[in-house]
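Everything below concerns the one structure shown next.
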Amino acid sequence: MEKGLQIMEKTQINTTENQKEIKEHGNYSFPVEVSIETIQSYEQGSFLWHWHPEIELTWIMSGAIEYHVNNHSYILKKGEGLFGNSNTLHSGYMKDGQECTYLSVTFHPRFLYGYENSILQTKYIDFITSNDGWPSLKFEKHVAWHQEILGRIQDIYRLSLEKTADYELQVHILLLQIFGMLYHYFSNLPKKEQHPQKHLQRLRDIISFIQDNYSQDISLDDVAAHVNICKSECCRFFKKHMGMTIFEYLLFLRVQSSLAFLKEGESITKTAGLVGFSSPAYYGQIFKRYMKCTPKEYRDGSAR
């Protein structure tokens, strides 16, 4: 391992009730975080839907990942990357069992513009961060200016390893250069209406409702009623934007939520009830489908 950044072992991303990530990316004086991440370090090889006010730049160092941002899906491979806009819902999944190591550069927009309501904020930064029509952009290998951005992301990585005396200044310059290229691209696109997209709020509402009530005996009727649409439309909508059914997501979330109880040594029977399974046997069946081991094996550490 190179000196500097370390690969951090994680269980899962922690969020508030409305899926905002509970994590500080940098600090107030330097609101930038540069970190190496691995999709295989997350339980079930995936990180759950979440959002944060920071912008996120990703560079794939090895392997591949299935990455979702709002209603956009990407397969990102080695040498590619992604711009994730401020306040976008995003999640990631292991692709075909492949391991993936990637660099994440996460920074608050204020790091670029400084003073609130400065012209840098109102004319340039808000122009992109306040537009729901531009949630993300994939950086391709064959696009020259994308490669320029990826090169600067790699420069930030090298700086984070060296931590020179002017580290913060050099990172600021590089991020401004990256954002300048993004601004040039977005400002030359055909003009779009910049109003909130109702379907994204609906998706947030459905996910929030399921995450708040996964331990209860909730039904499709309950979910559809919560967002005031019919059951068939609710199913179609969720499958289109999430790539899985509501029931599949509910089971996934229940298994994910049960891991903490098992790590604490809780019994299989009690754990099953705490996360909403009707019986320990059914819990064990679904757990093995997702985790490739039994709850007992996971609790005892033989499968970790």
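Filter segment 57-100 for residues that are within 21 Å of Val171 (Cβ to Cβ) and not in a loop (DSSP other than H, G, I, E, B) and give the result.
The first filter runs over segment 57-100 and keeps only residues within 21 Å of Val171 (Cβ to Cβ), leaving 57-61, 81-86.
Residues satisfying the conditions are Leu57, Thr58, Trp59, Ile60, Met61, Gly81, Leu82, Phe83, Gly84.
Taking the condition of being in contact with a helix residue (DSSP H, G or I) (Cβ under 9 Å, 6 or more places away or on another chain) and either under 15 Å from Gln211 (Cβ atoms) or surrounded by 13 or more Cβ atoms within 10 Å (Cβ to Cβ) (or both), how many residues in segment 226-246 meet it?
14
Among helices (runs of 4 or more DSSP H) lying entirely in segment 131-247, which contain 3 or more residues that are in contact with a Cys (Cβ under 8 Å, 6 or more places away or on another chain) and at pLDDT 90 or above? Spell out the reasoning first.
On the way: elements: 144-162, 167-187, 198-213, 220-226, 231-242.
Hits in segment 131-247: 220-226.
Go through segment 250-277 residue by residue and tally those that are within 17 Å of Ile218 (Cβ to Cβ) and either free of Cβ contacts under 8 Å to residues at least 60 places away in the same chain or part of a helix (DSSP H, G or I) (or both). Explain how you work it out, then say what you get.
Step one: of segment 250-277, the residues within 17 Å of Ile218 (Cβ to Cβ) are 250-258, 272-277.
If we keep only those that are either free of Cβ contacts under 8 Å to residues at least 60 places away in the same chain or part of a helix (DSSP H, G or I) (or both) as well, we get 250-258, 272-274, 277.
Final tally of qualifying residues: 13.
Within the set of pairs 6 or more residues apart or between chains, which connect a residue that is closer than 13 Å to Leu175 by Cβ and modelled with pLDDT of 90 or more inside segment 104-126 to a residue that is buried (at least 19 other Cβ atoms within 10 Å of the Cβ) and acidic (Asp, Glu) with Cβ atoms less than 8 Å apart?
Short answer, once both residue conditions are applied: Val105/Glu56; Thr106/Glu54; Thr106/Glu56; Phe107/Glu54; His108/Glu54; Pro109/Glu54.
Of the residues that make up segment 39-55, is at least one among the hydroxyl-bearing types (Ser, Thr, Tyr) and either at pLDDT 90 or above or under 28 Å from Thr164 (Cβ atoms) (or both)?
Within segment 39-55, the first condition is being among the hydroxyl-bearing types (Ser, Thr, Tyr), and the residues that meet it are 41-42, 46.
Filter once more, so that each one left must be either at pLDDT 90 or above or under 28 Å from Thr164 (Cβ atoms) (or both): none.
No, every residue in segment 39-55 fails to be among the hydroxyl-bearing types (Ser, Thr, Tyr) and either at pLDDT 90 or above or under 28 Å from Thr164 (Cβ atoms) (or both).
Picking from Gly133, Gly180, Gly151, which residue would you name as being under 30 Å from Ile229 (Cβ atoms) and in the same structural domain as Lys78 (by TED's automatic domain parsing)?
Working: Gly180 fails: under 30 Å from Ile229 (Cβ atoms); Gly151 fails: under 30 Å from Ile229 (Cβ atoms).
That would be Gly133, the only listed residue that is under 30 Å from Ile229 (Cβ atoms) and in the same structural domain as Lys78 (by TED's automatic domain parsing).
If only one of Tyr249, Tyr283 is under 22 Å from His50 (Cα atoms), within 27 Å of the chain's Cα centre (by Cα) and of a type outside the set (Lys, Arg), which one is it? Give the derivation first.
Working: Tyr283 fails: under 22 Å from His50 (Cα atoms).
Going through Tyr249, Tyr283 in turn, just one is under 22 Å from His50 (Cα atoms), within 27 Å of the chain's Cα centre (by Cα) and of a type outside the set (Lys, Arg): Tyr249.
Could you give every pair whose Cβ atoms fall below 6 Å, whose first residue belongs to segment 60-71 and is more than 12 Å from Tyr93 (Cα to Cα) and outside the structural domain of Leu137 (by TED's automatic domain parsing), and whose second residue is among the β-branched types (Val, Ile, Thr) and assigned to a strand (DSSP E or B), counting only separations of at least 6 or pairs across chains?
No pair meets every condition.
The values are calculated or read from the model by the stated rules, or taken from the named source; none is laboratory data. Note that this is a predicted model, so its numbers are computed, not measured. Here Cβ is always computed from backbone atoms with ideal geometry, including for glycine, and neighbour counts include all displayed protein chains.
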